[in-house]
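Below you will find the structure I want to go over with you.
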Amino acid sequence: MGVRAEGVDAGAIVLFGGRSEIGLEIVRRLADGRVVVLAARRSGDLERERAEVVRAGATGVHCVEFDADDMASHESMLEKITAEHGRIGVAVLAFGVLGDQGRAEREPEAALAVLRTDFLAQVSLLTILANMLRAQGDGQLVVFGSVAGFRVRRANYVYGSGKAGLDGFATGLADALHGTGVHLLLVRAGFVIGRMTEGMDPAPFSVTPGRVADTVVAALRARRPLAWAPPMMRPIYFASRFVPRAIWRKLPR
Ligand SMILES: NC(=O)c1ccc[n+]([C@@H]2O[C@H](COP(=O)([O-])OP(=O)(O)OC[C@H]3O[C@@H](n4cnc5c(N)ncnc54)[C@H](OP(=O)(O)O)[C@@H]3O)[C@@H](O)[C@H]2O)c1
């Protein structure tokens with residue numbers, strides 16, 4: 001077992017989706033004294049993000065090319081990261097797309113594209129990461145589900161179904177990892193004001209990426225299996241189970 005520094009496992013902090021607003025807020029809170037890897041598309045164009053993480057105290061920030069949809073490349077990319085930067089302490093899977101629901105209802109390829117990124121690519125990466133961390137005997141994984149996957153809504157059922165699948169997969173994987181020393185944190189976030197939701201009116205109980213990151217980092221340090229962001233989403237979504245379908249299907253989004 002590796003030594004735990006400041007409550008999270010020792011080793012590199014790796015952000016998959018290196019420009020994710022929520023992901024970068026989490027990394028800024030964990031970066032002090034750590035090696036950070038930003039894995040993203042267009043990895044040569046991460047200067048702003050890199051500078052932000054250096055300012056947060058990282059001892060080194062490395063940018064790695066990562067296209068989640070290119071699943072055949074996942075294994076070699078992860079092997080390269082560990083060969084060059086050592087063991088992984090925390091891996092944050094923060095990539096994702098909201099997609100265009102209207103288009104996805106008309107064109108199967110558009111629906112599949114959302115599910116490829118938001119479900120299949122996550123499953124591929126998590127499976128490889130889980131095996132690597134099992135072999136290490138420690139390490140922490142952060143997975144982004146959503147309230148949209150807890151009870152799927154008519155207005156965004158394509159994105160919601162991807163998150164529902166991911167929620168189930170992550171819950172099962174967390175149980176499979178129980179007792180191995182590896183910790184998986186599933187985050188069920190509500191509406192986050194930021195790039196992904198740009199142009200949409202904030203829903204009730206909206207949060208900022210910074211507040212989501214505070215919740216995630218506290219849950220990582222406590223090695224909790226599940227975090228709702230904001231915490232108020234938990235009772236709201238449990239109660240939502242009792243809302244009749246005839247009402248639920250009319251929710252505007
Ligand atoms: N924002 C919300 O309201 C909300 C609510 C609940 C859950 N979540 C989830 O939280 C996670 C982080 O969201 P966020 O708000 O931080 O979103 P964000 O700022 O839009 O970041 C998402 C990142 O995913 C990357 N990405 C998309 N497709 C990719 C691909 N094929 N390969 C590699 N990277 C890809 C994008 O990279 P590029 O820079 O290359 O485009 C982008 O930087 C997501 O899983 C999201 O579904 C968000």
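Consider residue 117 carefully, then state whether it is more than 16 Å from the ligand (Cβ to nearest atom), among the hydroxyl-bearing types (Ser, Thr, Tyr), under 15 Å from the mean Cα position of the chain (by Cα) and closer than 17 Å to residue 39 by Cβ.
no
Going by the conditions given, is residue 186 at pLDDT below 95 and not in a helix (DSSP H, G or I)?
no
Give the residue, chosen from 195, 221, 153, that is touching a Leu at 6+ places or on another chain (Cβ under 9 Å), in contact (Cβ under 8 Å) with a residue 40 or more places away in the chain, of a type in the set (Lys, Arg) and under 30 Å from residue 127 (Cβ atoms).
Of the residues listed, the single one that is touching a Leu at 6+ places or on another chain (Cβ under 9 Å), in contact (Cβ under 8 Å) with a residue 40 or more places away in the chain, of a type in the set (Lys, Arg) and under 30 Å from residue 127 (Cβ atoms) is 153.
Quick one: count up the residues across region 34-67 that are surrounded by fewer than 21 Cβ atoms within 10 Å (Cβ to Cβ) and of a type in the set (Val, Ile, Thr).
Total meeting the criteria: 4.
Okay, next question. State which residue is surrounded by the fewest Cβ atoms within 10 Å (Cβ to Cβ) when the search covers only region 194-205 and only residues that are closer than 20 Å to residue 237 by Cβ and in contact with a helix residue (DSSP H, G or I) (Cβ under 8 Å, 6 or more places away or on another chain).
Among those that are closer than 20 Å to residue 237 by Cβ and in contact with a helix residue (DSSP H, G or I) (Cβ under 8 Å, 6 or more places away or on another chain), it is 205.
Has region 30-44 got at least one residue that is in contact with a Ser or Thr (Cβ under 8 Å, 6 or more places away or on another chain) and within 16 Å of the ligand (Cβ to nearest atom)?
no
Hey, among the residues in region 69-99 that are touching a helix residue (DSSP H, G or I) at 6+ places or on another chain (Cβ under 8 Å) and part of a helix (DSSP H, G or I), which one's farthest from the ligand (Cβ to nearest atom)?
82
Okay, moving on. Given the conditions (1) over 21 Å from residue 118 (Cα atoms); (2) in contact with a Gly (Cβ under 9 Å, 6 or more places away or on another chain); (3) assigned to a helix (DSSP H, G or I), which single one is not true for residue 180?
(3)
Residue by residue through region 156-183, note down the ones that are buried (at least 17 other Cβ atoms within 10 Å of the Cβ) and touching a residue at least 60 places away in the same chain (Cβ under 8 Å). Spell out the reasoning first.
Applying the first criterion (buried (at least 17 other Cβ atoms within 10 Å of the Cβ)) to region 156-183 yields 156-167, 169-170, 173-174, 177, 182-183.
Across region 156-183, the qualifying residues are 156, 159, 183.
Now a separate question. Of these, 2, 102, which one is away from the ligand (no atom under 11 Å from the Cβ) and either at pLDDT 95 or above or within 28 Å of residue 229 (Cα to Cα) (or both)?
102
The values are calculated or read from the model by the stated rules, or taken from the named source; none is laboratory data. Here the structure is a predicted model, which means the values were calculated and not measured. Positions of Cβ are generated from backbone atoms using ideal geometry, with glycine treated the same way; all protein chains shown enter the neighbour counts.
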